[in-house]
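Values quoted throughout were computed directly from the atomic coordinates according to the rules given, and no laboratory measurement underlies them. Quantities reported herein were computed from a predicted structural model and do not represent experimental measurements. In this analysis, Cβ positions are derived from the backbone assuming ideal geometry, glycine residues included, and neighbour counts consider all displayed protein chains.
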Amino acid sequence: MSPINNYKYNGKELQDELGLNVYDYGARFYDPAAPRFWQIDRLTEAYNFQTPYAYAINNPVRFIDKKGMAPEWIIGNDGEKVTYSKNSDGSVTWSANASADTQKIGNAMMKTAYGTSQFKKWDKSNTEVSIEINKTSKSRKAHAKTKPQKSKGKFLLNKDGQYKKIKVVFYDKAIDKALGDGKRYDGASKEEALGSIGSHEVDHNDPDQIVLDKTTNGDEKKQSPRDNKPINSEVDFRREYHKKYPNSGKIDWEMPYKNRGYEGN
């Protein structure tokens with residue numbers, strides 16, 4: 001006799017004791033007959049345009065609701081969620097709606113386990129994330145920039161302290177210049193730089209880093225190297241990248257970081 005499988009819809013456990021027939025989503029229980037959750041979403045303040053009992057903002061075709069809280073997504077060309085899977089050979093298979101820019105940044109980040117875990121933070125956050133490579137403008141201050149959504153001059157935050165919506169812009173010309181400017185990316189490949197910069201930008205959506213950026217007006221030179229997560233994430237990504245690809249770039253790539261006190265997270 002085969003064992004009874006109670007893990008059904010979305011892989012959630014069906015609780016059928018006392019005839020309840022609800023699914024355990026961790027944060028709350030989902031009633032498929034209603035269909036809605038029985039409890040209020042603990043992140044309801046971030047979605048006050050919607051009933052707090054709704055599943056996936058009442059749009060399960062577009063969104064997922066793995067834990068019974070906020071939906072998760074990186075937005076695609078069509079406004080829908082981007083999906084992807086990492087293959088056994090290290091390559092990545094993307095959904096058809098993933099933009100070329102999202103794929104390029106994601107492919108570079110997922111060259112290392114650390115970069116993969118960083119990319120997942122975008123994908124699994126309660127933040128709507130869009131990724132763009134700007135090939136015309138050249139940022140004077142940064143290789144990339146995380147641009148949060150504002151309302152009345154203020155950044156919009158979720159209840160978890162992350163931004164509600166961000167656009168992450170990579171400045172292609174500035175990055176190309178950095179590959180030969182004698183500074184920290186000098187001699188690096190474009191792939192290494194994109195993966196490292198992407199890992200850096202993920203941490204600008206970290207609640208602690210958001211507070212730190214606010215108190216220093218985003219000036220990383222005013223932040224303690226020990227406290228600055230984005231630059232330390234560059235170190236973590238590049239350290240693993242160079243172990244995996246030992247003939248890539250300069251042997252002494254870490255020196256510009258060490259000279260400024262960055263050792264990795």
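If a/c stays under 1.5 just call it rounded; otherwise compare a/b with b/c (prolate if a/b is bigger, oblate if not). Do that for segment 72-258, with a ≥ b ≥ c from the square roots of the Cα gyration tensor eigenvalues.
Oblate, since a/c reaches 1.5 and b/c is not below a/b.
Calculate, in nm to one decimal, what Lys124 and Asp24 gain on full extension: separation in residues at 0.36 nm each, minus their alpha carbon distance.
Working it through step by step, the gained length comes to 34.1 nm.
Cβ under 13 Å from Pro246's Cβ, Pro246 left aside: what net charge do those residues give with Lys, Arg +1 and Asp, Glu -1?
So the surrounding residues net to +3.
Please list the non-local residues whose amide H lies under 5 Å from the amide H of Glu80, H modeled 1.01 Å from N, same-chain partners needing a gap of 5 or more.
Under 5 Å from the amide H of Glu80: no residue qualifies.
Which FRET efficiency, nearest 0.05, do Val211 and Glu191 yield, Cβ-Cβ r, R0 35 Å?
Once rounded, the FRET efficiency stands at 0.65.
Give me the extension gain from Lys167 to Ile251: residue separation times 0.36 nm, minus the current Cα-Cα distance, reported in nm with one decimal.
Here the answer is 26.9 nm.
Excluding residues fewer than 8 places away in the same chain, name every one of the lysines whose C-alpha is closer than 22 Å to that of Lys86.
By straight Cα distance, Lys86 reaches Lys66, Lys104, Lys111, Lys120, Lys121, Lys124, Lys190, Lys243, Lys244.
Would you list, by chain and number, the aspartates and glutamates whose Cα falls below 13 Å from the Cα of Lys214, excluding same-chain residues fewer than 8 positions away?
Asp206
How about segment 152-182: which trypsin sites (Lys or Arg not before Pro) there lie in a loop by DSSP and see at most 12 other Cβ atoms within 10 Å?
Taking segment 152-182 and a limit of 12 other Cβ atoms within 10 Å, the loop trypsin sites (Lys or Arg not before Pro) found are Lys152.
What is the sum of charges, Lys and Arg at +1 and Asp and Glu at -1, for the other residues whose Cβ falls under 11 Å from the Cβ of Tyr185?
+1
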